[in-house]
1. Name the residues whose placed amide hydrogens come within less than 5 Å of the amide hydrogen of B:Asn217, ignoring near sequence neighbours (fewer than 5 apart) on the same chain.
2. Treating only the Cβ of Lys, Arg, Asp and Glu as charged (+1, +1, -1, -1), what charge dipole size does the protein assembly as shown show about its Cα centre? Round to the nearest 20 debye.
3. Given a Förster distance of 45 angstrom, what is the FRET efficiency for A:Asp64 paired with B:Lys114, based on the Cβ-Cβ distance and rounded to 0.05?
4. Per residue of B:315-323, count partner chain C-beta atoms within 10 Å of its C-beta, then hand back the mean as an integer.
5. In peptide A:279-289, what is the residue-averaged number of other protein chain Cβ atoms found within 10 Å of each Cβ?
6. What are the label-to-label distances in nm, one decimal and shortest first, from A:Lys203 to the same spot in the other copies, with labels 7 Å along Cα to Cβ?
7. Please name which of A:Leu67, A:Gln103, A:Phe49 has its Cα lying farthest along the dipole of region A:2-124 towards the positive end, using unit charges on Cβ (Lys, Arg +1; Asp, Glu -1) and the Cα centre as origin.
8. If the reach is capped at under 22 angstrom between alpha carbons, list the lysines near B:Lys77, excluding any in the same chain fewer than eight residues apart.
There are 2 protein chains.
Amino acid sequence: MSSARRERLREKLAGAWALFIDQESIYYLTNFSGSNGTLLIAPDSQNDFLFTDARYRERVKKLDQGLNVSITADLNKLLKDTLAKSKEILIDGDLISAAKAQQLKEILPEVNVKLTKNLLTDLRIIKDLDEIAHIKKACEITSQSLWYLINDLRPNMSERQIAKKFWQNALERGADDLAFTSIVASGENSASPHHEPSTRLLKIGDAVTIDCGVKLNGYHSDMTRTVFIGKTQSWQVEIYEVVMQAHKKAVTESLVGQTAGEVDALARDVISAAGFGEYFIHGTGHGVGLEVHEAPILSKSNHTKIEENFCFTIEPGIYLPGQGGVRIEDTCILEASGLRILTKGSHEIVCVG
Amino acid sequence: MSSARRERLREKLAGAWALFIDQESIYYLTNFSGSNGTLLIAPDSQNDFLFTDARYRERVKKLDQGLNVSITADLNKLLKDTLAKSKEILIDGDLISAAKAQQLKEILPEVNVKLTKNLLTDLRIIKDLDEIAHIKKACEITSQSLWYLINDLRPNMSERQIAKKFWQNALERGADDLAFTSIVASGENSASPHHEPSTRLLKIGDAVTIDCGVKLNGYHSDMTRTVFIGKTQSWQVEIYEVVMQAHKKAVTESLVGQTAGEVDALARDVISAAGFGEYFIHGTGHGVGLEVHEAPILSKSNHTKIEENFCFTIEPGIYLPGQGGVRIEDTCILEASGLRILTKGSHEIVCVG
């Protein structure tokens, strides 16, 4: 698949060269996963080059044969030699440091090193079959681990203990890594959407928001549920039901051809109509793939049209300062007929412990 | 401690402003750990500013009181207003993307946005007492987990199984995270210093190189042992003893005032003298702190003088292509009297299973 991706990029480049040094782009275009790589995409496939160092001599042997690979301790010389005949080379300004970009300009004084944006975004935003399979599996491990954990919640467990349990369970089920540090936010902490798990102990009447995901074969998942310990309070039920309706509306009414901003509005309008608009303090979702946060960002101002095989989260929330909050999040894939949820399990109120 | 670090930086800046957006720098200078932050260091401490968004409203309340914090959805406006009176602002070109640097120049047309290097390197390279305590604890968890794992190695375990066991054990012992994806390289795979754990099963006569570390309170550890399953082969013993001597020489003879290149030579000369120079294909070590690889890099061409409270690894290795390899690595802290090893345990040949 990675050689087909290089061809799609080459077509888009229309005769220009491109250079990548970030791990995600290189993995996407070659399947190489080392910490040090420089990838050149040439106007013709015979001249694509991956440069890395001797630590990866064995690993590069497993890459597809269509790609030239050089092991080198003198990258600058190799770049000079290879790019001597190019006039212009594109680099994505979000995927390279300012210092590296400067250095490239210095070692290639006769080449127009051109900063550009979103070199791979419109390729990566549409997931191919391989990618969907990896994301589905990551979502499966996540849902299983999260529900196993939810069933086990009891008063007096600490947020940190809960976060660690998710981790261990996800590893046992085959995850390569966490997608990000899990968020476990209980009681008043749940008013903070990005709360760091603390030593706070669960108590009866708490809402507990658990936001978690795993990494598998380079791909991510992302999922959140807010559940209640022992009993619910009426204000919790009120905001829960609003968030649940917002989530449901965005999931059932998102369609190919809408803009990311329109999807955001599906959830946001429900929350605003219920009077909680000012407490929904983030976007409705974000793309998921080789990064856990990637395009498309579902926010008011994003006019990107969503298409088949876009993969993104739907995650409305309400956060009442000093009181607590609720968020419900699933990772979804957009199909011709609408959104399919990949992270499984109920969206109704769950009381445990 | 973080306000003292801001003062040391301010002194170095001698009247200039500096701006940071990377998580490590911001954590180092403020203890703030969110995924979105912009830190301004001003010529006088009253004007230092941390900007973040509403998701972190609760978290910033725990920061020290000397720091101005603004929650904003319009960072650009705030930057413009705050920096109106500055003439020049320094950013570290290695810690910001080319696109972000470009954007800063555009939103601050009247300010000289100056790319510089190593803004924090000479502060971060010397560890303070807090940092040393975190690194020591991370090293303790790592050694305990690794030796527990080594005792458990048996024929027919897969490299991936072993990597996962380290992970679970480290989490149980209190690690916040792994420092990096563990390397488990057995048999001929051990010839590849950065081998990715595979489904290969251990067998009698294998060398197994395990390179692992954990993250604790933002700080890292890094440690490697190569052990043998059931029995050793004579070529394995030969290279093991050379690596052990190289490791020992670098650990016992590193002294305050030497250059990083001289420390590299301590280990490298032993390996070269034994005839294996061309098979030691990486540097002798690297700094460890908020990043698992940071300054000083111990390589031939690095003339940085090592000083008290530098923290770095010593990790010589020999890698025979197609055959196998050996690496021995410890994280160490440089004291007035010499290097102290923080990752514990024998360097002699160990046979298990």
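1. When sequence neighbours closer than 5 places are left aside, the close amide H contacts are B:Asp176.
2. Working: 80 positive and 94 negative charges, 79 e Å.
Taking the Cα centre of the protein assembly as shown as origin, the dipole is about 380 debye.
3. Numbers: r = 43 Å, r/R0 = 0.96.
So, using R0 = 45 Å, E works out to roughly 0.55.
4. Values: counts 0, 0, 0, 0, 4, 0, 3, 1, 0.
Shielding by partners across B:315-323 averages 1.
5. On the way: counts 0, 0, 6, 3, 0, 0, 0, 0, 0, 0, 0.
Other-chain Cβ atoms within 10 Å of each residue's Cβ, averaged: 1.
6. Label point to label point, same position, other copies: 6.1 nm.
7. Farthest towards the positive pole: A:Leu67.
8. Result set, ordered by chain and number: A:Lys300, B:Lys85, B:Lys87, B:Lys100, B:Lys105, B:Lys114.
No value in this document is a laboratory result; all are computed from the given coordinates. Keep in mind the model is a prediction, meaning the values are calculated, not measured. Reconstructed Cβ throughout: ideal geometry from the backbone, glycine too, with neighbour counts over all protein chains shown.
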